[in-house]
Amino acid sequence: MNAQSSNVKVSNAQSSNVPSDAPYMKAQRTEGGALLLDGKAVAARVRAQVAQRAASFAERHGRRPGLAVIQVGEDPASSVYVRNKRKASFEAGIESFAHDLPAASSEGQILALVHALNHDERVDGILVQLPLPKGVNADRVMDAVDPAKDVDGFHPANTGLLAQKRPRLRPCTPFGVIRLAQEYGIGLTGLRATVVGASNIVGRPMALELLLARATVTVCHTGTRDLRAEVERAEVLVAAVGKAGFIPGEWVRPGTAVFDVGINRTSDGRLVGDVEFAAAAARAAWITPVPGGLGPMTIAMLLSNTVDAAYLRAGTAA
Ligand code: NAD
């Protein structure tokens, strides 16, 4: 089952976020039949646009957009993410400021660094890599970030603006889902969208993004009574649970667009998503791979947010 019989419309209308001269991405078909939403390829396109905008900013303002990345301790997974973000920033012409604090840092020390970065004119974006060590209140740290520099989009001010249909800096992974859909010309208006997972960083802002895109949204979580029934209704499915293969492919409605945010390592060392890929790809119209789906998109949207923040702070148009 694939796109022809799907309710998921491939739109010809350009969306406001996609530059008007950009043709839609051409999709490859998976073995199962669904079209592949290639996050790696779209992220490369987004990053090339970010690099152009960063170069124009540097020309006009005499400095490059700046991103400060704070890592506390040496969690191995966090170190990989942080390294990738710094490398991607450099390649996009964004100045990267590394702040590696020892694991034993107090909340007060972390807050003092955040305050200093809030007042540093070279810094347009501040990213605090999660998780923070036990004993540090992550909410207090995130709330201390100047909302104008909150390139993760986690500050209540930015989540609130998204909830009120006037988004400013938007959480990177959900924004990445929307951008991926736009780049393939997938129209979300009117579709029944189900988000599985309700965290502050993925599930909840994802629901707000889908609502903004005019989908009819259901959010599932550990309190959901009949998850299978909710998933089976979905014409757009976003999985953000954090459990390998948690959503069986047979639950996927024929013709659905599946966005798998989950990144899980199996006992034999492979990275897999929250959705059973092969079985889902035999039913879906569109599907993201893991890895190579929302992972690269998340980093690309972080860079895009950083350049947006630089222009917003400078009070000039991109
Ligand atoms: P989280 O643990 O904070 O939230 C998981 C959510 O899943 C919760 O809301 C919970 O209610 C729900 N859930 C758990 N078990 C459930 C069940 N049995 N039935 C229904 N709902 C259930 O996780 P998170 O931070 O939102 O991340 C989710 C996944 O996405 C993880 O695999 C994470 O690694 C991945 N992730 C990927 C990216 C990316 O760049 N692609 C970014 C962030 C998170």
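The values are calculated or read from the model by the stated rules, or taken from the named source; none is laboratory data. Model, not experiment: these values are computed from the prediction. Quick reminder, even Gly has a Cβ in these numbers, built from the backbone with ideal geometry, and neighbours come from all protein chains shown.
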Given the conditions (1) within 24 Å of Leu127 (Cα to Cα); (2) not in a loop (DSSP other than H, G, I, E, B), every one holds for Pro291 apart from (2)
If you go through Ala284, Ala213, the only one that is of a type outside the set (S, T, N, Q) and in contact with a strand residue (DSSP E or B) (Cβ under 8 Å, 6 or more places away or on another chain) is Ala284
Exactly one of Gly125, Gly135 is touching a residue at least 24 places away in the same chain (Cβ under 8 Å) and over 22 Å from Met301 (Cβ atoms), and that one is Gly135
Checking the structure you have, find out if any residue of region 267-279 is near the ligand (Cβ under 10 Å from one of its atoms) and among the charged types (D, E, K, R).
yes
Looking across region 170-228 at residues that are within 8 Å of the ligand (Cβ to nearest atom) and without any contact (Cβ under 8 Å) to a residue 40 or more places away in the chain, the single one that is surrounded by the fewest Cβ atoms within 10 Å (Cβ to Cβ) is Gly223
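Here's the yes/no breakdown for (1) in contact (Cβ under 8 Å) with a residue 40 or more places away in the chain; (2) within 18 Å of Val236 (Cβ to Cβ); (3) more than 12 Å from the ligand (Cβ to nearest atom):
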{"residue": "Gly255", "(1), (2), (3)": "yes, yes, yes"}
{"residue": "Val261", "(1), (2), (3)": "yes, yes, no"}
{"residue": "Arg265", "(1), (2), (3)": "no, no, no"}
{"residue": "Ile287", "(1), (2), (3)": "yes, yes, yes"}
{"residue": "Gly292", "(1), (2), (3)": "yes, no, no"}
#### Entry: Boolean, Thr306 is within 9 Å of the ligand (Cβ to nearest atom) and crowded, with 21+ Cβ neighbours inside 10 Å
no
With criteria (1) hydroxyl-bearing (Ser, Thr, Tyr); (2) at pLDDT below 95; (3) crowded, with 16+ Cβ neighbours inside 10 Å, Thr30 comes up short on (2)
Checked Ala163, Ala112, Ala207, Ala116 against criteria (of a type in the set (A, V, I, L, M) and touching a helix residue (DSSP H, G or I) at 6+ places or on another chain (Cβ under 8 Å)); the one match is Ala163
Determine, yes or no, whether Leu127 is under 25 Å from Ala239 (Cβ atoms) and within 14 Å of the ligand (Cβ to nearest atom). yes
Any residue that is away from the ligand (no atom under 16 Å from the Cβ), within 22 Å of Ala193 (Cα to Cα) and without any contact (Cβ under 8 Å) to a residue 40 or more places away in the chain - is there at least one of those in region 232-249?
yes
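State yes or no: is Arg313 under 30 Å from Ser96 (Cα atoms), more than 10 Å from the ligand (Cβ to nearest atom), more than 13 Å from the chain's Cα centre (by Cα) and among the basic types (Lys, Arg)?
Considered against the rule, which asks whether it is under 30 Å from Ser96 (Cα atoms), more than 10 Å from the ligand (Cβ to nearest atom), more than 13 Å from the chain's Cα centre (by Cα) and among the basic types (Lys, Arg), Arg313 comes out as yes.
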